[in-house]
Amino acid sequence: MSVRAALRDATAPAHEEVDGIFSRFDLSRPGSYRRFLRAQASALLPVESALDQAGAGEVLDDWPSRRRARSLRDDLAALGAAPPASVDPPVFSGPPAVLGGLYVLEGSRFGGTLLSRSVPPGMPRAFLGARSYPLRWRKLLEEMERLLYRHDQVAAAVEAAVAVFACFAEAGRRELENGTSE
Ligand code: HEM
């Protein structure tokens with residue numbers, strides 16, 4: 001089984017969960033879209049920082065240009081939204097864990113592309129508009145296959161990936177529970 005297949009299988013239930021949570025935001029409504037972005041930010045900002053600190057730039061050389069914190073912050077600022085409280089990110093304790101985290105963040109672009117179609121014209125969409133480039137996705141998958149060749153390495157990547165999904169689930173649930181209906 002490829003590393004990618006192992007990650008996809010192991011995180012399928014988590015993906016279903018976050019898909020269900022984030023699908024509850026109605027992106028055609030400005031208030032709900034703002035809360036969606038806040039929820040994304042409470043997970044993505046700390047996870048990206050944790051990956052930076054764990055040396056993601058050394059694991060994947062174009063990591064700095066893949067980061068989306070800036071576009072997310074810009075969208076939130078354009079909507080006048082307060083910066084959200086962050087969830088606790090996992091500690092990425094080595095290259096396998098870093099790759100597991102990168103897999104989840106980069107994979108999440110697929111959903112974003114679909115979701116951006118619901119955002120009305122005129123709304124800021126730097127974050128969701130950051131589309132997925134097939135070559136970049138392939139490069140990440142190739143690095144995963146190349147660097148994760150032992151069972152324990154794949155296990156560490158899976159563990160980190162599951163933990164990152166959990167951050168997004170928590171952030172989304174929190175925003176849904178605390179949010180006012182707008
Ligand atoms: C409503 C929200 C979401 C929708 C509708 C959605 C939808 C999708 C779709 C359609 C794909 C498959 C793309 C393809 O194979 O061509 C995908 C893949 C993926 N998504 Fe999501 N997604 C959502 C949220 C998320 C979130 C919040 C995360 C993580 C933070 C995430 C992580 C991933 C990953 C890692 C993959 C790649 C799976 C693989 O290896 O093929 N998704 N998503």
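Read-outs throughout are calculated quantities, based only on the coordinates presented, and are distinct from any laboratory measurement. These figures come from a predicted structure and were not determined experimentally. Note: ideal-geometry Cβ built from the backbone for every residue, glycine included; neighbour counts use all protein chains shown.
So if I place +1 on the C-beta of Lys and Arg and -1 on the C-beta of Asp and Glu, and nothing else carries charge, what would the dipole magnitude of segment 3-178 be about its Cα centre? I want it in debye, nearest 20.
Numbers: 23 positive and 22 negative charges, 148 e Å.
About 720 debye.
Could you give log10 I(q)/I(0) at q = 0.17 Å⁻¹ for segment 33-108, computed by the Debye formula over C-alpha point scatterers of equal weight, without solvent? Reported log10 I(q)/I(0), two decimals: -0.63. Taking Cα atoms only, the orientation of helix 30-53 departs from the longest principal axis of the chain by about 30 degrees. Derived scalar couplings between HN and Hα for segment 125-134 equal 8, 4, 5, 5, x, 6, 6, 8, 9, x Hz in order, rounded to whole Hz, by the Karplus curve 6.51 cos²θ - 1.76 cosθ + 1.60 (θ = phi - 60°), x for Gly and Pro. Charges were assigned to the Cβ only: +1 to each Lys and Arg, -1 to each Asp and Glu. The resulting dipole of segment 29-118 about its Cα centre is roughly 600 debye. Taking the charge dipole of segment 3-178 about its Cα centre, with +1 at Lys and Arg Cβ atoms and -1 at Asp and Glu Cβ atoms, the residue from Ala163, Ala6, Ala78 reaching farthest to the positive side is Ala78.
How tilted is helix 95-116 with respect to the longest principal axis of the chain? Cα atoms for both, answer in degrees (0 to 90, nearest 10). Helix 95-116 sits at roughly 40 degrees to that axis. Whole-Hz Karplus values for segment 62-78 come out as 9, 3, x, 7, 8, 4, 10, 4, 4, 5, 5, 5, 4, 4, 4, 5, 5 Hz, taken residue by residue from phi with 6.51 cos²θ - 1.76 cosθ + 1.60 and θ = phi - 60°; glycine and proline positions read x. Taking amide H as placed 1.01 Å from N in the peptide plane, the amide H of Phe25 sits under 5 Å from none that are at least 5 places away or on another chain.
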